Number of protein chains: 2
Amino acid sequence: MGITPSDQSQQGTSRMRIRPASNGDWPQIWPIYAQIVMAGETYAYPEPPVFEVARSLWMEEPPGQTVVAVEDDVVLGSAKMGPNRPGRGAHVATASFMVDPAYHGRGIGRALGEYVIQWAHDAGYHSMQFNAVVETNTAAVHLWQSLGFEILTTVPEAFNHPRYGLVGLHVMFQRLAGKAE
Amino acid sequence: MGITPSDQSQQGTSRMRIRPASNGDWPQIWPIYAQIVMAGETYAYPEPPVFEVARSLWMEEPPGQTVVAVEDDVVLGSAKMGPNRPGRGAHVATASFMVDPAYHGRGIGRALGEYVIQWAHDAGYHSMQFNAVVETNTAAVHLWQSLGFEILTTVPEAFNHPRYGLVGLHVMFQRLAGKAE
């Protein structure tokens, strides 16, 4: 799949744009983060969520980056991106995504995904890996597949889902090096 | 594969034993850690290694644990173990291992591996996952396979090896729940 720059004005909501997050955005990201972590269906993050712990976890330092999808001054979602490992694994990127459940189905996740892939490509990353996509989160799995990711494996029973019990975690991967701009 | 308690007196060197590490052990672990990270063949850890950064990375807090393999007062190797993820992934254990290259071939890695599997089993972990085993580190790969791990997938070109270039990282896995004591 070739990577094409996303026309952000055509993604998500008509006035949505994606921009780097500042510390001042965290108070608006936090309720989205807390809601998603407490729902417990998509992320293996520390529970219960704690404001300061979550901030340091979500707000990336360079060379990573955290962005927000905003409409006017309202944060609709956020993504963080950066190297998956330090040192000799730092040429592989990773990313995480959270969209306000009130705004699901409006293409915000897709717009954030396209942004992140373009960012990693432009930053010279060789590939991108998602380490733990909950297999029952089929909307996310299908979105990442449509953006060029493949499922490398599914770690069995690695996620304790509040409704389904122990379910698998997909390792998803996409090569970026050598793809067209 | 059933899990049997390792008879540590029969493993590694004749007088070797494995015990929990204290902060006072770090000055002896550090040169092993630094040598292995600088060799660059087996771990995607921050480079160059820095004493304090490495200490906080290697010396686990509860519920994790760091151990040393010692002969008399000499540290021959070390392992760290704990949950692979927080929250809803905390029932899966992970571990990392370092053996002084001067003592390779004496069964110290195997003794540490057996210790860690038993620890995770006793602590009630459901399974154990290694996230990033360098595929060219065949001694380690074969050791983990002999201790019951399987390769779930190999993330392509995810490790920048100083001699072989970009090589794969194995995700290795072993179920523990339901195995005999």
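Structure values in brief
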quantity: Residue in the stretch B:103-112 that is out of contact with any His (no Cβ under 9 Å at 6 or more places or on another chain), within 14 Å of chain A (Cβ to nearest Cβ), farther than 19 Å from A:P86 by Cα and outside any helix (DSSP H, G or I) present; calculated: no
quantity: Single unsatisfied condition, A:M172 versus (1) part of a helix (DSSP H, G or I); (2) closer than 20 Å to B:L166 by Cα; calculated: (1)
quantity: Breaking point among (1) over 19 Å from B:A123 (Cβ atoms); (2) more than 13 Å from chain A (Cβ to nearest Cβ), for B:S78; calculated: (1)
quantity: Those residues of the stretch A:116-132 which are surrounded by fewer than 20 Cβ atoms within 10 Å (Cβ to Cβ) and of a type in the set (A, V, I, L, M), in sequence order; calculated: A:A123
quantity: Any hit, the stretch B:159-180, residues being among the hydrophobic types (A, V, I, L, M, F, W, C), at pLDDT below 95 and in contact with a strand residue (DSSP E or B) (Cβ under 8 Å, 6 or more places away or on another chain); calculated: yes
quantity: Test: residue in the stretch B:54-75 that is within 13 Å of chain A (Cβ to nearest Cβ) and of a type in the set (A, V, I, L, M, F, W, C); calculated: yes
quantity: Residue list for the stretch B:95-104, filter: buried (at least 22 other Cβ atoms within 10 Å of the Cβ) and free of Cβ contacts under 8 Å to residues at least 40 places away in the same chain; calculated: B:A95
quantity: Conditions (1) away from chain A (no Cβ under 14 Å); (2) closer than 21 Å to B:A39 by Cβ; (3) without any contact (Cβ under 8 Å) to a residue 40 or more places away in the chain; number of the one not met by B:D122; calculated: (2)
quantity: Condition broken by B:G77, with the remaining ones in (1) closer than 16 Å to B:A177 by Cα; (2) in contact with a strand residue (DSSP E or B) (Cβ under 7 Å, 6 or more places away or on another chain); (3) among the small types (G, A, S); (4) not in a helix (DSSP H, G or I) satisfied; calculated: (1)
quantity: Condition met for A:Y164 (crowded, with 19+ Cβ neighbours inside 10 Å and of a type in the set (S, T, Y)); calculated: no
quantity: Condition check for A:E135: more than 10 Å from every other protein chain (Cβ to nearest Cβ) and either in contact with a Gly (Cβ under 7 Å, 6 or more places away or on another chain) or touching a residue at least 40 places away in the same chain (Cβ under 8 Å) (or both); calculated: yes
quantity: Candidate set: the stretch A:35-84, residues that are of a type in the set (S, T, N, Q) and without any contact (Cβ under 8 Å) to a residue 60 or more places away in the chain; chosen: the one surrounded by the fewest Cβ atoms within 10 Å (Cβ to Cβ); calculated: A:S56
quantity: Residue tally, condition in a strand (DSSP E or B) and within 14 Å of another protein chain (Cβ to nearest Cβ), over the stretch B:87-102; calculated: 4
quantity: Residue count for the stretch A:139-179, restricted to those that are within 12 Å of another protein chain (Cβ to nearest Cβ) and not charged (D, E, K, R); calculated: 25
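The values are calculated or read from the model by the stated rules, or taken from the named source; none is laboratory data. Note that the coordinates shown come from a computational prediction; the quantities given were computed from them, not determined experimentally. Backbone-built Cβ (ideal geometry, glycine too); neighbour counts: all protein chains shown.
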